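Asker: Here it is, the structure in full.
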Amino acid sequence: MPIRQMKESSEQHLVIKSHLQNTMNTVQRPPKTAQNGKGPPQAHEPHNNTKQPHNQATSPPSKNRGRRRGRGGKKSDQLDVCMRPSSRPCTVAHKPVNQASCGMEMGFPTSSKSLNFSPRPGYGQVGTKCIVKANHFFAQLPDKDLNQYDVTITPEVASRTVNRAIIAELVRLYKESDLGTRLPAYDGRKSLYTAGELPFAWKEFVVKLVDEEDGINGPKREREYKVVIKFVARANMHHLGQFLAGKRADAPQEALQILDIVLRELSSKRYCPIGRSFFSPDIRAPQRLGDGLESWCGFYQSIRPTQMGLSLNIDMASAAFIEPLPVIEFVAQLLGKDVLSRPLSDSDRVKIKKALRGVKVEVTHRGNVRRKYRVSGLTSQPTRELVFPVDDNSTMKSVVEYFQEMYSFTIQHTHLPCLQVGNQKKANYLPMEVRRYHQKFYYKYILYSNLVCMSTIPDLHLLDKLSLLHIEHKQTVQHNAYDQDPYAKEFGIKISEKFASVEARILPAPWLKYHETGKEKDCLPQVGQWNMMNKKMINGMTVSRWACINFSRSVQESVARGFCNELAQMCQVSGMEFHPEPVIPIYSARPEQVEKALKHVYHASMKTKGKELELLLAILPDNNGSLYGDLKRICETDLGLISQCCLTKHVFKISKQYLANVALKINVKMGGRNTVLLDAISCRIPLVSDIPTIIFGADVTHPENGEDSSPSIAAVVASQDWPEVTKYAGLVCAQAHRQELIQDLYKTWHDPIRGTVSGGMIRDLLISFRKATGQKPLRIIFYRDGVSEGQFYQVLLYELDAIRKACASLEPNYQPLVTFIVVQKRHHTRLFANNHRDRSSTDKSGNILPGTVVDSKICHPSEFDFYLCSHAGIQGTSRPAHYHVLWDENNFTADGIQSLTNNLCYTYARCTRSVSVVPPAYYAHLAAFRARFYLEPEMQDNNSSTGAGSGQAKGGGTKAAGESGVRPLPALKENVKRVMFYC
C-alpha cells in the first residue's frame, strides 16, 4: 500500500530523535510500596522493596523513575509564552524536558529498511509469578537447505484448487524421476519449495488433468497443462537461527513463509482451507445454525518466531457453511417459507445476493450432466420478465419458455429472480429451482470465533468446557500427526505435542478514587470487578434540562414515566445532580418519523425553558432497524444533542445494575468523570504524572465482506485531562475503501487568503488538550488498534510522520516524545490456567486472573511486546490483548508500560469492570463504529450493503474538499466533540 504523499506546509518539520538503546540483559526493578490491602496507598509513604501478592495493592514507583538523565535546560513554559500558567500539582518545573533536543540528533527513517522497532528494554518484574499454558507448540528448526522455485502454469488457472491438483499430478508422475525423489510443498500460486535442490534449474512438464466436475456417468474431459519450474533462490536458515536467538532484528520472512507452507500442505489436502484456518465436519459433528447454515469446527495454524524458537500456534475455530440444499430451499430458510408465495423486497434481494455470491452450485435439470457454476449475482427482474437473444438476429425468448422447450422443465416460482452465473459481462441466467449446492460452502458473512465454537459444545459446566477446549487443542496437534506428516519429514520439521509452559505475572489492580461525599471514597477492585454501591462519581455532572421520546408502541406513557423516574434517582444516588422532571412531557412517536420527532422535542424544549436541551432519553423497540443509527446521526451532526437510548426490554424489567451502568454513560456524555486512578491524582504514574502527557487511541473500521464501495472509517480519541487521563475527546473521518493508514491525522491545504493551512485530527486534539488543561503535551502515548503484523512498518512510518508534522505545525521546535503501541485483539494466542479448578489462580469462569501478563518465551525474540489479560472471563477462553511497542522515545521499562496499560483498563467509563483492551483504543473503536451511522443516506443505494435494516451505516465519506474521492462525513457539533458521545 503506497504511502500517500502529503503537501508540505511552510513550517520546518523537525526530525525524530533515535532510540536510546537498552540492553536486553538489563532488568530494571522498580521500587515497590508495601500495602496491607485494607486501604489505598498514601502519597507520603516511603518506598521499600517488599514483594506484593497479586491481590494486594501496589503503589506505582516514584514519579521520577525512568526519566531521562542529563536533560536539563529550559523550563517547558518558556517555550510557549502564550500558554496560561497552571497550578497543576503534577507539573515538575525543576526537571523539564528539553524540547530543543527532542529530535535533532538523527533523522526519522523514511523507509522500512532504515527502521528498527523498539528493542525489548528488559523483562517485567512486578506482580505475582505463576505458570500458564499457551497454545504454542515448539517446532524444531530444520537443518536442511530450503529452495524456492517459480511455477508457471499454461493456460493460466485462477483456482488454487486446480493449481494444486495440477502440481499433485506432476509430483505423482515425476517424483521418482525428474524431481530426484523430492517431495515439494506448493503454495497454490507461483511458488514451489523443496528441501534440497532439484536436479535441474529449469524444466518444462506436460500434465493432463481430468475434469471431475464435467458429468456423473458420462465421459469426462481431459485438459492439458504446461508447467515450467524455475529455480529462484535458497532460503537463509542461518539468518533465521540468528533472528530467533535475538542476534538479528530483521526477520527472514522467506524462510518463515516456506516453513508455514510446508506445515499447511497436508492439511490443505485433508480439510477445507479458509484463510489461515482449516475446517471439516469430521473434527466435531456440525451444529445446525438455522437459515440454511451449519457450524463446522476447525483450527487455525501458523508458524511463529518466538523467544523459545519456532513455535506452531494452533487455535480452535468455527465457521458457518451453507448446507447442501437445493437453492430454492436455502432461500426459503434464509427468508422464511412465505418467500415462495410473495414478491421479494429490496432487502430480501440484497440478503440473497450476499449469501450466494461466489457460491458454487450444480444444475439438476440436465439428467446425468452435472455442470458446476459459480454464482456472480442476482437478476433485478423476476424470472417471468427475463428475456434473452437466442440468435444473431436478436430474436428474443423468455427464460420460462426456454427451459420448457429445451429441457421440458416448468419453472414454478417465476416471481423469484434468476441467479447470474459465469462472467458478469456475458451473464447466464439460471432459475433457482434447477440448482443445488454441489458441496458444503463457506458462508463468508459469518465467521465464528472461539467463543461461538465453544457455544456449540454440548451443555457443560463452563469449567468443563474450558477443559474440553484445552483437550481439543492438544487433540488437534495429535490428530494432525506432524511426526507422520510426509512434508514435515521431508523438510526435517519436528513439532512437540506439549503446550508451552510460560512464566506469567499477575499485576495488582489499581486503587480507584471516588467522590469524598460517598461512604466509600476509594475502591480496590477484586478479580477485575467492583460496583457503585456506597460510591459517588468523582465528577458528577448536572442535568437540569432533559426530555424523553418513546418510540416503542408497547411502552405505555406511565411505564415510560416510571422508568425515567427510576433512572433520574439512580443518577442522583450515583453523584449527579439530575432534575427529576423533564422540561416537556414524554413524547411518543413512530420510528419512521424519527427526524420529525427529534426536531419537535428539540424546539419545544427551547420554547419552554428558553435554553437548549442538555440530554435526550430515547426508548427504542428491541428490534429497531435503522432507528438507532438515524437518531444518533441527527442528534450528533444536526441538532447537537447528547442522547441516551434504552431498549424496551430494559424499560419493562428495570434492573438496578442496568440503571447504574446507564448513569455511568450519561455522566461521561455530559462531560463528567466516573472514577480516576488514585495514583493519577497523587501524581505517581511513571512517565505520565511528571510532565503533561496526552494519551491517544486510534482505530480504523472497514466495511463488512461484500461491501465493495463503502468507505472505511477512522477514529482518533485523545485524553483531555491531566494528570487524570480519564476523559477522551474523539474525532472521526471516512477514507478510501479498506485503507488502513489514517489519512486525516495531519493534512495541509491551500487557502486563497491564508495560504497554506494545517489541520487534521492530531493537531485538533492537541489544541483541544491545551484549551482544556492550560498545558501543551510534552509526552505522547499513542495506542493504535487494528493493525496486522504485515502493516507495522507502513503504519508506523506514515502515522508517526503525521504526528510529527502536526506537532511542528503548532509551534517551531515543538516535538514531544512519542511512544507508539499497536494493540492487537484478533490474534490466536490463548493462555490457559495451569489448573482450571485452582481457584487461587483462576477467576470464577476458570480463566486466568485479570492482570496476567506474559513477556517471555512466546513473545518476539527481540522486540518490545507482551500479552496482557486485563479482564475477567465471562464466557469462553479469555483472549489476552497483544501490545507491541513499535517506537518508544520515552524509554518505558517493561514494568512501566505494562502497569500503565493494565491500570488504564480499570478506567473504562461504561461499566465497573476492567476491560480487555486499553480504553483509548476501545473508545476509538466505539467512535469509528458510531460514525458509520453518519454516512449519507443517499449513498446507501449505491453500495452493496445490507441496508438500514441491518443497523449498519449508510454510505458516504469524510475528507476535506472531497480529497481522494471520498465524501466528507457530516461534521460533529462542537458541544458533541468535547465529550465522550460515543459511550
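The values are calculated or read from the model by the stated rules, or taken from the named source; none is laboratory data. These numbers were taken from a predicted model, which means no experiment stands behind them. Counting neighbours? That spans all protein chains shown, and the Cβs are built from the backbone with ideal geometry, glycine included. Side chains are part of the model used for accessible areas, which takes the heavy atoms of the whole protein and leaves out ligands, DNA and RNA. Shrake-Rupley method; radii C 1.70, N 1.55, O 1.52, S 1.80 Å.
Asker: Spelling out what I want: for every residue of segment 311-316, take phi, set θ = phi - 60°, compute 6.51 cos²θ - 1.76 cosθ + 1.60 (Karplus), and round to whole Hz; glycine and proline get x.
Answerer: 9, 9, 8, 10, 9, 6
Asker: Can I ask one more? Where the accessible area of segment 540-672 is counted over protein heavy atoms with a 1.4 Å probe, how much of it, in %, is carbon and sulfur?
Answerer: Of all accessible area on segment 540-672, carbon and sulfur atoms account for 49 percent.
Asker: Under 5 Å between amide H atoms, partner at least 5 residues away or on a different chain: which partners does residue 575 have, H built in plane at 1.01 Å?
Answerer: Amide H neighbours of residue 575, under 5 Å, 5+ apart: 537.
Asker: Here's another thing I want to ask about it. Along the charge dipole of segment 143-235, which of 196, 167, 152 sits closest to the positive end, that is, farthest toward it, with unit charges on the beta carbon of Lys, Arg, Asp and Glu (+1, +1, -1, -1)?
Answerer: The Cα lying farthest towards the positive end belongs to 196.
Asker: Give the dimensionless ratio obtained when the Cα radius of gyration of segment 284-362 is divided by 2.2 N^0.38 Å. Mind showing how you got there, number by number?
Answerer: Values: Rg = 18.5 Å, N = 79, 2.2 N^0.38 = 11.6 Å.
Against the empirical 2.2 N^0.38 Å value, I get 1.60 for segment 284-362.
Asker: Next question. Within straight cross-link reach of residue 397, meaning Cα distance under 18 Å, which aspartates and glutamates are found once same-chain residues fewer than 8 apart are removed?
Answerer: Output for residue 397: 385, 405.
Asker: Output the pairs from 247/269; 129/498; 607/973; 649/669; 337/360; 669/771 with a Cα-Cα distance over 28 Å in this structure; if there are none, say none. Spell out each step's value before the answer.
Answerer: Working: 247/269 37 Å; 129/498 21 Å; 607/973 21 Å; 649/669 23 Å; 337/360 23 Å; 669/771 19 Å.
Going by Cα-Cα distance, 247/269 fall outside the 28 Å limit.
Asker: If amide hydrogens are placed 1.01 Å from N in the peptide plane, which non-local residues have theirs closer than 5 Å to the one on residue 418?
Answerer: 379, 383
Asker: On to the next question. Just the number please: accessible area per residue for segment 828-896, 1.4 Å probe, all protein chains included, in Å².
Answerer: On the way: 1620 Å² over 69 residues.
Spelled out: the 1.4 Å probe surface of segment 828-896, per residue, equals 23 Å².
Asker: Turning to a different aspect of this structure: Report relative contact order for segment 740-809 in percent, whole number only (criteria: Cα-Cα under 8 Å, sequence separation at least 6). Let's see the in-between values first.
Answerer: Working: 57 pairs, mean separation 27.8, N = 70.
The value is 40 percent.
Asker: Using only alpha carbons, build the gyration tensor for segment 785-882 and give me the equivalent ellipsoid semi-axes, biggest first, whole Å. Intermediate values should be presented prior to the final figure.
Answerer: Details: eigenvalues 263, 39, 28 Å².
So the equivalent ellipsoid measures 36, 14, 12 Å along its semi-axes.
Asker: Roughly how many nanometres apart are two label points built 7 Å out from the Cα toward the Cβ at residue 839 and residue 206?
Answerer: Result: 7.6 nm between the two label points.
Asker: What nm value, rounded to one decimal, do you get for the distance between residue 751 and residue 280 when each label is placed 7 Å out toward the C-beta?
Answerer: Inter-label distance under the simple model: 6.5 nm.
Asker: State which entries of 536/609; 805/825; 536/656; 354/632 exceed 18 angstrom in Cα-Cα distance in the structure shown. Could you put the intermediate results ahead of the total?
Answerer: Values: 536/609 29 Å; 805/825 29 Å; 536/656 15 Å; 354/632 27 Å.
Correct reply: 536/609; 805/825; 354/632.
Asker: Could you sort 432, 541, 533 by accessible area so the largest value comes first, with the probe set to 1.4 Å? Walk me through the numbers before you get to the answer.
Answerer: Values: 432 5, 541 60, 533 125 Å².
Sorted by accessible area, descending: 533, 541, 432.
Asker: Another one. For the pair residue 534/residue 384, report the inter-label distance in nm, with labels modelled 7 Å from Cα in the Cβ direction.
Answerer: Each label point lies 7 Å from its Cα, and together they span 7.3 nm.
Asker: While we're looking at this one, here's another question. What whole-number value in Å² describes the accessible area per residue of segment 536-662 for a 1.4 Å probe? Present the calculation step by step, with values, prior to reporting the outcome.
Answerer: Working: 5700 Å² over 127 residues.
For segment 536-662, the per-residue accessible area is 45 Å².
Asker: By a straight-distance test (C-alpha under 15 Å), which aspartates and glutamates pair with residue 857 as possible cross-link partners, with residues fewer than eight away in the same chain excluded?
Answerer: 503, 865
Asker: Another one. If the chain between residue 653 and residue 394 were fully stretched, how many nm would it gain, using 0.36 nm times the residue separation less the Cα-Cα distance? Could you put the intermediate results ahead of the total?
Answerer: Numbers: separation 259, 0.36 × 259 = 93.24 nm, distance 6.58 nm.
Result for the pair: 86.7 nm of gain on full extension.
Asker: Roughly what percent of Cα-Cα pairs across segment 610-705 reach past 24 Å?
Answerer: Details: 2151 of 4560 pairs.
So the pairs more than 24 Å apart make up 47 percent of the total in segment 610-705.
Asker: Right, here's the next one. Give the accessible surface of segment 143-235 per residue, rounded to a whole number of Å², with probe radius 1.4 Å and ligands, DNA and RNA excluded.
Answerer: Values: 5150 Å² over 93 residues.
Accessible area per residue: 55 Å².
Asker: Would you mind telling me the share, in percent, of accessible area of segment 779-908 contributed by carbon and sulfur at probe 1.4 angstrom?
Answerer: On the way: 1360 of 2940 Å².
Accessible surface attributable to carbon and sulfur in segment 779-908 totals 46 percent.
Asker: To continue, here is another question. Scale the Cα Rg of segment 540-672 by the rule-of-thumb value 2.2 N^0.38 Å and send over the ratio, two decimals. Mind dumping the intermediate values first?
Answerer: Working: Rg = 13.5 Å, N = 133, 2.2 N^0.38 = 14.1 Å.
Taking the Cα Rg and dividing by 2.2 N^0.38 Å, one obtains 0.96.
Asker: How large a share of the accessible area of segment 327-437, in percent, is made up of carbon and sulfur atoms when the probe is 1.4 Å and the other protein chains stay in place? Present the calculation step by step, with values, prior to reporting the outcome.
Answerer: Working: 2570 of 5710 Å².
So the carbon and sulfur contribution to the accessible surface is 45 percent.
Asker: Here's something else I'd like to know. Note down the Stokes-Einstein diffusion coefficient of segment 143-235 in µm²/s, whole number, using a Kirkwood radius over alpha carbon pairs, 25 °C, and 0.890 mPa s.
Answerer: 176
Asker: Give the Kirkwood hydrodynamic radius (Å, one decimal) of segment 327-437, defined as one over the mean of 1/r across all pairs of different Cα atoms. Show your work: numbers first, answer last.
Answerer: Numbers: mean 1/r = 0.0695 Å⁻¹.
This gives a value of 14.4 Å.
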